[in-house]
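The values are calculated or read from the model by the stated rules, or taken from the named source; none is laboratory data. Worth saying up front: this structure is predicted, and the values here are computed from it rather than measured. So basically every Cβ, Gly included, is an ideal-geometry build from the backbone, and we count neighbours across all protein chains shown.
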Protein chains: 6
Amino acid sequence: MRANPIKELLGNGATALNAWCSLPCAYAAEIIANQGYDSVTIDLQHGAMHFETAMAMLQAVSTTNAMPMVRVPWNEPGILMKLLDAGAYGVICPMVNSPAQAQSFVEACRYPPMGSRSYGPGRAVYYANAQSGRDYAAQANKQILLLAQIETKQALDNVDAILATPGLDGLYIGPGDLSLALGEPPLMNPTSQLVTEAITRVMQKTRAKGLVAAVHTDGPKTARMRFKEGFHLCSLQNDVRLLSDAAQAQVNAARCSQS
Amino acid sequence: MRANPIKELLGNGATALNAWCSLPCAYAAEIIANQGYDSVTIDLQHGAMHFETAMAMLQAVSTTNAMPMVRVPWNEPGILMKLLDAGAYGVICPMVNSPAQAQSFVEACRYPPMGSRSYGPGRAVYYANAQSGRDYAAQANKQILLLAQIETKQALDNVDAILATPGLDGLYIGPGDLSLALGEPPLMNPTSQLVTEAITRVMQKTRAKGLVAAVHTDGPKTARMRFKEGFHLCSLQNDVRLLSDAAQAQVNAARCSQS
Amino acid sequence: MRANPIKELLGNGATALNAWCSLPCAYAAEIIANQGYDSVTIDLQHGAMHFETAMAMLQAVSTTNAMPMVRVPWNEPGILMKLLDAGAYGVICPMVNSPAQAQSFVEACRYPPMGSRSYGPGRAVYYANAQSGRDYAAQANKQILLLAQIETKQALDNVDAILATPGLDGLYIGPGDLSLALGEPPLMNPTSQLVTEAITRVMQKTRAKGLVAAVHTDGPKTARMRFKEGFHLCSLQNDVRLLSDAAQAQVNAARCSQS
Amino acid sequence: MRANPIKELLGNGATALNAWCSLPCAYAAEIIANQGYDSVTIDLQHGAMHFETAMAMLQAVSTTNAMPMVRVPWNEPGILMKLLDAGAYGVICPMVNSPAQAQSFVEACRYPPMGSRSYGPGRAVYYANAQSGRDYAAQANKQILLLAQIETKQALDNVDAILATPGLDGLYIGPGDLSLALGEPPLMNPTSQLVTEAITRVMQKTRAKGLVAAVHTDGPKTARMRFKEGFHLCSLQNDVRLLSDAAQAQVNAARCSQS
Amino acid sequence: MRANPIKELLGNGATALNAWCSLPCAYAAEIIANQGYDSVTIDLQHGAMHFETAMAMLQAVSTTNAMPMVRVPWNEPGILMKLLDAGAYGVICPMVNSPAQAQSFVEACRYPPMGSRSYGPGRAVYYANAQSGRDYAAQANKQILLLAQIETKQALDNVDAILATPGLDGLYIGPGDLSLALGEPPLMNPTSQLVTEAITRVMQKTRAKGLVAAVHTDGPKTARMRFKEGFHLCSLQNDVRLLSDAAQAQVNAARCSQS
Amino acid sequence: MRANPIKELLGNGATALNAWCSLPCAYAAEIIANQGYDSVTIDLQHGAMHFETAMAMLQAVSTTNAMPMVRVPWNEPGILMKLLDAGAYGVICPMVNSPAQAQSFVEACRYPPMGSRSYGPGRAVYYANAQSGRDYAAQANKQILLLAQIETKQALDNVDAILATPGLDGLYIGPGDLSLALGEPPLMNPTSQLVTEAITRVMQKTRAKGLVAAVHTDGPKTARMRFKEGFHLCSLQNDVRLLSDAAQAQVNAARCSQS
């Protein structure tokens, strides 16, 4: 089975840059996947695609060396298993607020005896075995990266118990929702001390357990800061924001001449 | 019938900024259409969508005040008529190299007696009549903007005859193909004197006939220059380029911290 | 943020006509949205579309002044949040039978501190902000209309407790399922006294709480009756029924001449 | 090969009612196909679907006994052959104005030696052979119904020569475009004597040659009239018009109570 | 309502061959449905389609006499009801491990008073009523085939209680997951005694209750064995495996000549 | 620019096995592309996909080392250029019957000065440049493989003139259509001497010009024969046939036990 490049990267002490796809468009995903990110996440939660387009996007990402990852719309076994069968090599699960939810997430994603993922890895074997032997059933539990998203007060309270979930690879912090949950406006680079301290605390606890600390950002500046703080993986701006910001900048620059 | 906002704009001596959509994605088109462009062109020639997605994109653009325009894949009556029925308020036709081709283009897009467009404006009437009376059949020939693309040697030779085509509203210059045709690399802001002089000549002839002079550019800087030269409408960078450039810039900026 | 036109309408003491879309087709939705309804509901429960087509339909409805609404397939946070992010300005949730289910529905649809909706309103901001400032995060809890559907015995028993759910805007009665639940055939204009009395009782309790009383009907005659009874919003026949009835009527009328 | 039900019907001296699908939606096509029409035409010219949706609609129609027919966007061999391979049992070709165009249409649709249709009837064999032997290659030239659309002045002038095209089964009159071509407004039930006389003349010439005389109408009243005049096949209103008219009627009826 | 052909078949003491579709493609489903299977199952669990493609596949299967069946991605009322509304005449529910889960599955699929399926059988009535009267609401509970999938240790322990669920028609054994659950590799024709004995035990208990015993296989050889053991319905290899095996065999056979 | 693997292969004196995709399904294409073929052709002529699905299939094929090729529906510049922009590395054009048609095909596919392909290689650059520098504009004319299909009497008569077309890489023989054209049944492995001699003659003339001789077959046995005769590239059975034959074989084998 193809080794998970993000696991290899992080195992070597390096950091990883993650892209974030919200447009329901396999061509956009292929464009993004060619820009040098280490992984590309198809976001089925706040992104505008559902399963079939997500699978087409996983195919598009698989034309490159970037590792294909998904964020599921919800902690629900049906969609978790479908996306793994479709070839996702990493999964971010939103709103994991309790150890029970973390366990349910992991259980849906790991084959017995670690969990109860149902067997039938349709497209996954083509991606997984392209570079090595046909051992998906035996290796998938080890290669697939599972990150639980921490973004509520309850999750902060339960972070130790969540980190203790066997089979979980790490935590992914959503600063926007976490800010809202703590009574602050939903920023990707929060300035409120309450929020920034929570982020640091979760990162440190995650590192202390030897797990992957990952976080959403609003771009390279914040990402550089997060890496310095100790995060292993940072997501940059999503495609929707990249596109709208770039378009607006061009319109504004061109309008100057029209007045 | 809703007045064509680009025709109104240009009639008032103003200039127009045009967006260029190559991603087969109605959500991307809606994002683009909300950034302040005067018109949005769905490119079915080099863009990656075909008819049904193009219609979805026309619907998305129609949620805004930007004028919905298309570039057809080829000068073929079937697709020209389908896109007009789908609500395109402007059409750019690629590779119009002779007066016969210009006439064929116009004929497919104008109802009798000006042309031979077949009657059946399905979605078009909803967009057209939203702000005024039900007179699509009577007004469409006047409101729809038709631009012939000049991008070959043959077209340069025939530019006067093409400009004489009744029912044609203007010319759209494709600097990339024109450069290739003149033996230069395909740049959107050509530096070869041969090419720049050709561009200027076409623009001047078009203005002299009182028609619309439009051009593709590589962004706001070139667009500002083109407006100063006398062009009425400029297209900025397409969504694919906006997205890939913005993503690459973020990756490069974030990588600095990783070394 | 754009004011919710249905909330404004009902706030002024007027009544509202709602369209019902079951065909998975954005063009059909745009046609319907242009016929003068106050709102258009995309039905993901018994309708034949899933998320991506529903979003295309929301875009199509957004080309008009009709308010875009959805009925979700089930009371499940993942799909509720996705549809709100896609720009739904109202949500009908089927089979809300208990105060706990009502609370779960509302919690998924309201941002903290009212609920736990996750932040990431992709397309929603384009629709919401087109006519006013960028305050979606702050205003969404107030503008989005949430209606719980009452259609089982258990729901009838719990109607007071359901109506007491903070953040819920009103109730939507499904006469078909309610009839079945009470042992009657599934009619949209039930004649059984048991059912009609239940409908009246729910409407009166809803009005007494100052909330929105809404109901499904089988067309204008029943809708007029419901408005007289005190309902605020009535849905007319869905597109599938409109289409099949109209087609069958034409075939029958044309067949006369063939015998 | 399954016998063409429309050819059988007309061979027996009966008349045929044809449905007209413009919505790009296989579910809508299945609904329509269940209402008792003799044939269902998927309109790729003014309808809003392209090839793949048209094939899905052909599949939906094939769940019923109604004969699946298409109107192509244009007289172009590529799309003609693709739709025949997809299982169309009848084809209407728009804008056939000359015997050369009629010949080109027929040639693309008939296998050698009658024409030059390329062999590869993918889905067609499943529909064709469901009720009888595997003889598509041998029987298709005989079973497929080919109708050339007459709708311009030039076509009127050439009607005799067009009717003389070997392999053509009949003519289909488009009263809307024919009216426009003759300087009249585009009505489906024209009142101008110029137009009505032209329609009668084409019908009579077609019957005189023993071919199928078919016509578009605006509903059952006009269709009954056309059958009395001698037409064999009439199309009733399309799905878009059925849907919009029915919806508008319901809104108007319901609004009475609101004032 | 059309009688369920599989129920009729099994009622007559015959056995049934079931096809298994994992490709998200209505054309592939139509091809499969024409090969002589008694039923065709659209697999939304490990297959690569979601709701809308599944409905298109149900339409494609409905052009034949094969009974259209689905496997749902998960035991979730929303998708169960949507697929029944789309015309599924049989449902296999994965991972039914307890009587409570079996009850929940059945409840979502049966109308009151047997269950709480919501009423709105959109497409289902067209398929169901094509051959007989309009009595879907009254007959659906009797005609729809419901099979619970047994594939975990917990399910083996609870098999008697699951079989006692009113409204359940039978059990479907998944040998792959069952093998994994019992510590064996995931084979469709398991050789481990532990697994084979479990399969036999479940089949015998099912037959003893007079219910349908169904099972997944790896092809005709295993299926013949299962029928001899007493199974009523066997699924053969899915389309993905048929396609990949056949392609690989051709490549291998052709490569011989190249060396 | 990535070197064309088929051109490299043939340049080295090896032969090539080509797969043939007719199902409109990117997952099916990815499955096929993983079975060891040297190239995979997406057939837009007799296959059931149009542009957007074809592009998704090109993406799917690009996850493997098989060379992505297309057959266009017709010799029409619009679709030829769109598919090249989408990343096709080879093109088969059907029904090339004259040197003028061959020239028109080549002209649409080669950039100036060799032809008049319009510049805008959207997705193509990602596939082309993944393994080397950004020189698509300069190298595409050399790397893209262009094959003209010979399948009519007229083409046989013109084969020398067609072979003389500058920029054409070879000929692809369609034995089915060629047989029909010569008055024989459409077989992929024709036995009529008239046809087999024609096939041999075309192959020999092609080899004599140093061009690629390619042919459609009905599987490995015929392909082995063709390679021995001197053909460079053979297509095996398409996915539709592989699937239907494999399914039917399983049903037949399983039915034995049921009697």
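Are there any pairs, at least 6 apart or on different chains, whose C-beta atoms fall under 9 Å, with the first in the stretch E:52-64 and more than 9 Å from chain D (Cβ to nearest Cβ) and the second at pLDDT below 95 and buried (at least 23 other Cβ atoms within 10 Å of the Cβ), and if so, which?
E:L58/E:Y127
Show me the strands (runs of 3 or more DSSP E) found entirely inside the stretch E:158-259 where at least 2 residues are at pLDDT 95 or above and closer than 19 Å to F:D245 by Cβ.
The qualifying strands (runs of 3 or more DSSP E) are E:233-238.
Using the structure shown, decide if B:S116 is within 14 Å of another protein chain (Cβ to nearest Cβ), closer than 25 Å to D:N238 by Cα, among the hydroxyl-bearing types (S, T, Y) and buried (at least 19 other Cβ atoms within 10 Å of the Cβ).
Numbers: within 14 Å of another protein chain (Cβ to nearest Cβ): yes; closer than 25 Å to D:N238 by Cα: yes; among the hydroxyl-bearing types (S, T, Y): yes; buried (at least 19 other Cβ atoms within 10 Å of the Cβ): yes.
Yes; evaluated as a whole, the condition is true for this residue.
In the stretch E:200-217, what residues are over 19 Å from A:G120 (Cα atoms) and either touching a helix residue (DSSP H, G or I) at 6+ places or on another chain (Cβ under 7 Å) or without any contact (Cβ under 8 Å) to a residue 12 or more places away in the chain (or both)? If you could, list the steps in order and put the result at the bottom.
Of all residues in the stretch E:200-217, those over 19 Å from A:G120 (Cα atoms) come to E:200-213.
Selection gives E:T200, E:V202, E:M203, E:K205, E:T206, E:A208, E:K209, E:G210, E:L211, E:V212, E:A213.
A:Q154 passes all but one of (1) out of contact with any strand residue (DSSP E or B) (no Cβ under 8 Å at 6 or more places or on another chain); (2) without any contact (Cβ under 8 Å) to a residue 40 or more places away in the chain; which number fails?
That leaves (2) as the condition not met.
Applying the selection to the stretch E:165-189, what residues are away from chain A (no Cβ under 14 Å) and more than 20 Å from E:G230 (Cα to Cα)?
Passing the criteria: E:T165, E:P166, E:G167.
Within the stretch A:6-41, can you find the residues that are among the hydroxyl-bearing types (S, T, Y) and in contact with a Leu (Cβ under 9 Å, 6 or more places away or on another chain)? Can you show your working first?
To start, the set of residues in the stretch A:6-41 that are among the hydroxyl-bearing types (S, T, Y) comprises A:15, A:22, A:27, A:37, A:39, A:41.
Across the stretch A:6-41, the qualifying residues are A:T15, A:Y27, A:Y37, A:S39.
Can you tell me which residue among F:L147, F:L178, F:L163 is surrounded by 23 or more Cβ atoms within 10 Å (Cβ to Cβ) and without any contact (Cβ under 8 Å) to a residue 60 or more places away in the chain?
None of the other options fit; the residue is F:L178.
Could you identify the single residue in E:L44, E:L83 that is more than 12 Å from chain A (Cβ to nearest Cβ), closer than 23 Å to A:A54 by Cβ, surrounded by 23 or more Cβ atoms within 10 Å (Cβ to Cβ) and within 14 Å of the chain's Cα centre (by Cα)?
E:L83
Of the residues that make up the stretch C:228-240, is at least one hydroxyl-bearing (S, T, Y) and within 27 Å of C:I144 (Cα to Cα)?
yes
Conditions (1) under 27 Å from C:G183 (Cα atoms); (2) of a type in the set (G, A, S), marked per residue:
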residue	(1), (2)
E:A108	yes, yes
E:P112	yes, no
E:R123	yes, no
E:T152	no, no
E:P190	no, no
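I'd like the full set of residues that are assigned to a loop (DSSP other than H, G, I, E, B) and more than 7 Å from every other protein chain (Cβ to nearest Cβ), limited to the stretch F:3-33.
Once the filter is applied, which keeps residues that are assigned to a loop (DSSP other than H, G, I, E, B) and more than 7 Å from every other protein chain (Cβ to nearest Cβ), the stretch F:3-33 yields F:A3, F:N4, F:N12, F:G13, F:A14.
Condition first: surrounded by fewer than 24 Cβ atoms within 10 Å (Cβ to Cβ) and of a type in the set (S, T, Y). Now tell me which residues in the stretch D:9-24 satisfy that.
D:T15
Criterion first (within 20 Å of the chain's Cα centre (by Cα) and more than 30 Å from F:P112 (Cβ to Cβ)) does B:I173 satisfy it?
no
So, in the stretch D:218-242, exactly how many residues are without any contact (Cβ under 8 Å) to a residue 40 or more places away in the chain and surrounded by 22 or more Cβ atoms within 10 Å (Cβ to Cβ)?
First pass over the stretch D:218-242, keeping only residues without any contact (Cβ under 8 Å) to a residue 40 or more places away in the chain: D:218-222, D:224-226, D:228-230, D:241-242.
Adding the requirement that they be surrounded by 22 or more Cβ atoms within 10 Å (Cβ to Cβ) leaves D:226, D:242.
The total comes to 2.
In this structure, is B:A108 more than 19 Å from B:V61 (Cα to Cα) and buried (at least 23 other Cβ atoms within 10 Å of the Cβ)?
The answer is yes for B:A108.
On the given criteria, is E:D245 under 15 Å from the mean Cα position of the chain (by Cα), within 14 Å of chain F (Cβ to nearest Cβ), surrounded by fewer than 22 Cβ atoms within 10 Å (Cβ to Cβ) and of a type in the set (D, E)?
So E:D245 fails the test.
Give me the residue from the stretch A:65-80 that is of a type outside the set (A, V, I, L, M) and farther than 19 Å from E:P24 by Cβ and, out of that set, nearest to the other protein chains (Cβ to nearest Cβ).
Only one residue tops the list, namely A:W74.
On the given criteria, is A:G122 closer than 25 Å to E:L80 by Cβ and either among the polar types (S, T, N, Q) or surrounded by fewer than 21 Cβ atoms within 10 Å (Cβ to Cβ) (or both)?
Considered against the rule, which asks whether it is closer than 25 Å to E:L80 by Cβ and either among the polar types (S, T, N, Q) or surrounded by fewer than 21 Cβ atoms within 10 Å (Cβ to Cβ) (or both), A:G122 comes out as no.
What number goes with the only condition from (1) crowded, with 24+ Cβ neighbours inside 10 Å; (2) more than 15 Å from C:Q237 (Cβ to Cβ); (3) touching a helix residue (DSSP H, G or I) at 6+ places or on another chain (Cβ under 6 Å) that C:Y27 does not pass?
If we test C:Y27 against (1) crowded, with 24+ Cβ neighbours inside 10 Å; (2) more than 15 Å from C:Q237 (Cβ to Cβ); (3) touching a helix residue (DSSP H, G or I) at 6+ places or on another chain (Cβ under 6 Å), just (3) comes out false.
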